[in-house]
Amino acid sequence: MNIGLDVGSTTAKVVHMEDGEVIFSKVVPSQRWIELIDDEQGEKNIVSTGYFRKKVPHFAAITEITTASLGARYHDPDVQVIVDIGGQDTKVIDLRNNTFVINDKCSAGTGAFLELAAHYFDIPVGSLGELHSQATKGAQINNTCGVFAISEMISQLVGGFSMEEVIYGLHQAFALRIAQMVPPADTVMLIGGTVQNTGIVDAVNNMLDSKIEVPGAPQLVNALGAALYMERLNDSR
Amino acid sequence: MKETVGITALVPPELIYACGKRPMDVNNVVPESSLSPGSKLCAWTAIWRDMILNGGLDIDSLVVVAGGDCHNALVDGQKVELSGMPTHYFFYPFDRDTDYLRSQLDKLSKFLGGIKDERMFSLIRDLKSKGRALDELRVNDRVRASDVFSALISFSDLAGDPDAFEKTLDSVPETDVEYSSRVALIGVPPIYPDFHETAESFGLHVVYDELPYEFLRLYGSDLNSLARSYSDYSFAGPIKNRVELIKDELQRRRVDGVIHYTQFACHHTLEDEIFREHLDYPILTVQGDLPRPSPEQLKLRLEAFAEMLEVKP
């Protein structure tokens, strides 16, 4: 058994693999990561990743840059660029030359930015994608700062735009921020829990000239990559 | 007691010692500072400016490198001058014009009171030769990069005392360095005092420190040879020359990857795209602002870069 445990800022994910196949996966809020650990398994088969990777039981702890690379290639061996949109940061990895950039100084372009907007509208963050699809146009929102974007949202609501149109504009601003970090590429894979928001995928797709790929369970890719790394370690033991 | 001359970037220390004075690179105190200047672009210049204005640096005059390297220093240097500090402005030529640099060295020499002890030229040339030998030991994995960096970075002023500095060089301990990957550090030096130790903790052996290597590479035995050598100062000239020099060193030192350190609000940050286009190595770009122990954001990037180079996912 090879276990990948990804304990991030918002959610904790686990993936169990056997013979190269995923046999189990689960997602819980980060604070409840302990529910993902089976005492009988111990830590000897766990590779951990995410913000809390060194705080949870593990045989080895590796960064999300490595797990994202392994996990994304499991889905598409030829993928060129990965965009991992996390709760607190966004990582762009160019697999062609082993380089990466991390945006962790600005909330615009991270899950936190969308949480802030959903909180303002008093709606679940999971409903943003559906509301995005109901808009036929978008309100102009600057992409400079997540906090100031809220005051822009309010101005656009006062100016007559609907909530759906403001959310559409918000996703465009989010996507522009992401697009500025992405190098030209044939294929770009979006991963991370935020990618479950179809409005974000739509906005990024409109912004980039690349073919956009979203794997089946985008929030599990890092846990999957960690499990694959455990598999490597077990194979070399 | 010799007069102390503050220098804000590379100024031939040979000339300052030959003029009977002792240089103090005002940047060397910045990484250990806890100041948070209110008015700043780059923290390097803002902190030495505030330290001088507050009387926290014991210097008698200041030489500001205002042309060809740090542009923020031109303004912060003038703030220091307006406070009453005797200040001289030193300009490198962008086009490597040796005659121009010779004229700059003449003016600097006059500001410093003229050459009094020519023996300092050869003494410091010999010390730089010793520094290059130490650098080679690091390339051959015989000394820790953190030990080498702290020695080489002081070649801009030889710590104010060449004799004591030679003893410091001699005391750098030899050891078999274990690491996972060899990296180069290009750009201005990191403002984090523990940067090299942090890199080492992730298995990264820094085998090239770009700016300190410039301190070793340039020397001379009189004003003419100083002008010839220092007109090749790579940070002051066209970046294409700097890229070629870096390429040679990356190959010679067999590096696996390159770390480009950039400083918030420093114009050198704009060079990152050029390096990424012209250096065919995995490149990690990191940015610092205020001097502090290495922050978690930097550690995450170094750890991930080390994994990228070692695990090759």
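The values are calculated or read from the model by the stated rules, or taken from the named source; none is laboratory data. None of the values given here were measured: they were computed from a predicted structure. So basically every Cβ, Gly included, is an ideal-geometry build from the backbone, and we count neighbours across all protein chains shown. Remember, those area values only see protein heavy atoms, side chains included, never the ligands or the DNA or RNA. Shrake-Rupley method; radii C 1.70, N 1.55, O 1.52, S 1.80 Å.
Give the residues of the stretch B:267-313 that are buried (at least 18 other Cβ atoms within 10 Å of the Cβ), in a loop (DSSP other than H, G, I, E, B) and within 9 Å of chain A (Cβ to nearest Cβ), sorted by residue number.
B:Tyr281, B:Pro282, B:Pro313
Confirm whether B:Pro238 is in contact with an Asp or Glu (Cβ under 7 Å, 6 or more places away or on another chain), open to solvent by 10 Å² or more (accessible area, probe 1.4 Å) and more than 14 Å from chain A (Cβ to nearest Cβ).
For B:Pro238, the condition - in contact with an Asp or Glu (Cβ under 7 Å, 6 or more places away or on another chain), open to solvent by 10 Å² or more (accessible area, probe 1.4 Å) and more than 14 Å from chain A (Cβ to nearest Cβ) - is not met.
Could you grab me the full set of residues in the stretch A:152-166 that are more than 12 Å from A:Ala117 (Cβ to Cβ), open to solvent by 50 Å² or more (accessible area, probe 1.4 Å) and part of a helix (DSSP H, G or I)?
A:Ser155, A:Val158, listed by residue number.
Could you tell me which of the residues B:Val64, B:Val75, B:Val30, B:Val26 is open to solvent by 10 Å² or more (accessible area, probe 1.4 Å), outside the structural domain of B:Ile239 (by TED's automatic domain parsing) and touching a helix residue (DSSP H, G or I) at 6+ places or on another chain (Cβ under 9 Å)?
On inspection, the qualifying residue turns out to be B:Val75.
Are there any pairs, at least 6 apart or on different chains, whose C-beta atoms fall under 6 Å, with the first in the stretch B:162-184 and open to solvent by less than 40 Å² (accessible area, probe 1.4 Å) and the second hydroxyl-bearing (Ser, Thr, Tyr), and if so, which?
Every condition considered, the pairs that remain are B:Ala184/B:Tyr208.
In the stretch A:1-58, what count of residues is obtained for those that are farther than 18 Å from A:Pro218 by Cβ, part of a strand (DSSP E or B) and charged (D, E, K, R)?
2
Scan the stretch A:47-97 for residues that are open to solvent by 30 Å² or more (accessible area, probe 1.4 Å), hydroxyl-bearing (Ser, Thr, Tyr), over 17 Å from B:Lys312 (Cβ atoms) and more than 10 Å from every other protein chain (Cβ to nearest Cβ) and jot them down.
none
So B:Leu245 fits all but one of (1) surrounded by 16 or more Cβ atoms within 10 Å (Cβ to Cβ); (2) in a loop (DSSP other than H, G, I, E, B); what number is the exception?
Going through the list (1) surrounded by 16 or more Cβ atoms within 10 Å (Cβ to Cβ); (2) in a loop (DSSP other than H, G, I, E, B), B:Leu245 breaks only (2).
Could you please tell me which pairs satisfy a Cβ distance under 7 Å, a separation of 6+ or placement on different chains, a first residue in the stretch B:290-309 that is closer than 18 Å to A:Thr67 by Cα, and a second residue that is of a type in the set (Phe, Trp, Tyr) and not in a helix (DSSP H, G or I)?
Pairs that qualify, where the first residue is closer than 18 Å to A:Thr67 by Cα and the partner is of a type in the set (Phe, Trp, Tyr) and not in a helix (DSSP H, G or I), are B:Leu302/B:Phe202; B:Glu303/B:Phe202; B:Ala304/A:Phe100; B:Ala306/B:Phe202.
Answer yes or no: is there a residue in the stretch A:99-110 that is within 18 Å of B:Leu298 (Cα to Cα), away from chain B (no Cβ under 11 Å) and crowded, with 19+ Cβ neighbours inside 10 Å.
Checking the stretch A:99-110: at least one residue is within 18 Å of B:Leu298 (Cα to Cα), away from chain B (no Cβ under 11 Å) and crowded, with 19+ Cβ neighbours inside 10 Å.
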